[in-house]
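The values are calculated or read from the model by the stated rules, or taken from the named source; none is laboratory data. Predicted model only: the values in this text are computed from it and were never measured. In this analysis, Cβ positions are derived from the backbone assuming ideal geometry, glycine residues included, and neighbour counts consider all displayed protein chains. These accessible areas exclude ligands, DNA and RNA; they are computed on the full protein's heavy atoms, side chains included. Shrake-Rupley method; radii C 1.70, N 1.55, O 1.52, S 1.80 Å.
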Amino acid sequence: MSYLMLAAYGNATRRVPLASSGCTNPQNLASAVIGKKASFPTGASVLDFAIPGATTVRALALNGLVNTASGTHTAKFDLSANTPGGTDILTTTKTLSTVDGYGGLCCWDLGQDYTGVRYVRVTFTGVSEVGLVWASPAWAMTYGPTSYNEKRSDLSTVTTGELSGVKTFAKRPRQRVASFALDAVMLTEYSAADTLDLVSGTTEQVLVIWDPPGQGVSRAPIMGTMDEVPTMTLPDPARWTTAWSVTQSL
């Protein structure tokens, strides 16, 4: 059985905001490193991003998110073709509920493409830190993965004393790795799959949103980089196949 999956790529808001208020270090948002964060001492901020060329947006996300201890936690996204803070394309307010066990990731499928986006404003309430703001196009697949594997790559090191045999540990993050087998990429979707591969390679982040069986959507999304550029195979005249391995961005 296959399950619908959304693969987002080409994040347009990985850049220093055009303007901001309530943010002490907005320059950190130009980094793909999630642990390099922008801070909001009062729990509220407005960030304006200007995109050099008009883009399509279907997926929104925040990563490295830290909410204040109490109160309302929301992010309002305003998308415009004309001016910072304009709502001529879309305005939507999201309640911030992070992916379980995943270090502050929130993500949303808008359900359709919004084209011609040049400006993205994010207004935070009850947020103290964020590591990355995401607004991008996405490939909404007709069929999702036919198999799925997940593990956590423990970056810790273990040293065993040569004489004593005593083990000492240097604890490091446990980085999630998700692998997908896609056996039914329709011929009409080849262009989307090829564009994702071309734009992302192994250095640019992708965002995968889906609802796997037996797991629940609250733990499913992953933002990270491809471990290698996937191979596209045409096993018969009706479909392509490919496989991905995505390692979590930290």
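So which residue, out of 229, 208, 127, gets the largest mean-square fluctuation from a GNM of the chain using Cα contacts under 10 Å as springs?
Judging by the Gaussian network model, the answer is 229.
How far is it, in nm, from the label point at residue 129 to the one at residue 198 when both lie 7 Å from their Cα along the line to the Cβ?
Here the modelled spin labels are 3.8 nm apart.
Just to confirm the filter: which chymotrypsin sites (Phe, Trp or Tyr not before Pro) across the stretch 1-70 are DSSP coil and have at most 13 other Cβ within 10 angstrom of their Cβ?
In loop regions of the stretch 1-70 (DSSP not H, G, I, E or B), there are no sparsely surrounded chymotrypsin sites (Phe, Trp or Tyr not before Pro).
With a cut-off of 8 Å between alpha carbons and a minimum separation of six or more residues, what is the relative contact order of the chain in percent?
Reported relative contact order: 24 percent.
For the stretch 76-123, which whole-number percentage of the solvent-accessible area (1.4 Å probe, protein heavy atoms only) is attributable to carbon and sulfur atoms?
37 percent
Around residue 202, with a cut-off of 13 angstrom between Cβ atoms, what is the net charge of the other residues, counting Lys and Arg +1 and Asp and Glu -1?
-4
Local charge sum around residue 94 (other residues, Cβ-Cβ under 15 Å, Lys/Arg +1, Asp/Glu -1)?
+1
Taking the Kirkwood radius as the inverse of the mean 1/r across Cα pairs, report the Rg/Rh of the chain.
Result: Rg/Rh = 1.01.
Pick from 200, 191, 128: which residue has the top mean-square fluctuation in a GNM of the chain where Cα pairs under 10 Å get a spring?
Taking springs between Cα atoms under 10 Å, the residue moving most is 191.
How much net charge surrounds residue 172 when only other residues with a Cβ under 12 Å from its Cβ are counted (Lys, Arg +1; Asp, Glu -1)?
Local charge sum for residue 172: +2.
Quick one: among 26, 41, 237, which has the greatest mean-square fluctuation in a GNM of the chain with alpha-carbon springs under 10 angstrom?
237
Using each residue's phi in the stretch 10-26, evaluate 6.51 cos²θ - 1.76 cosθ + 1.60 at θ = phi - 60° and report the 3J(HN,Hα) Karplus result to the nearest Hz, with x for Gly and Pro.
Values per residue, Gly and Pro as x: x, 4, 8, 10, 8, 6, 5, x, 4, 7, 8, 9, x, 10, 8, 9, x Hz.
Quote to one decimal, in nm, the extra length available between residue 166 and residue 24 on full extension: 0.36 nm per residue of separation minus the C-alpha distance between them.
46.6 nm
5 Å is the cut-off here: which amide hydrogens, built 1.01 Å from N in the peptide plane, fall below it relative to residue 58, excluding neighbours closer than 5 in sequence?
114, 136, 138
If r is the Cβ-Cβ distance from residue 188 to residue 211 and R0 is 22 Å, what FRET efficiency results, to the nearest 0.05?
0.45
Using modelled amide H (1.01 Å from N, peptide plane; none on Pro or chain starts), what sits under 5 Å from the amide H of residue 19, excluding residues fewer than 5 places away?
48
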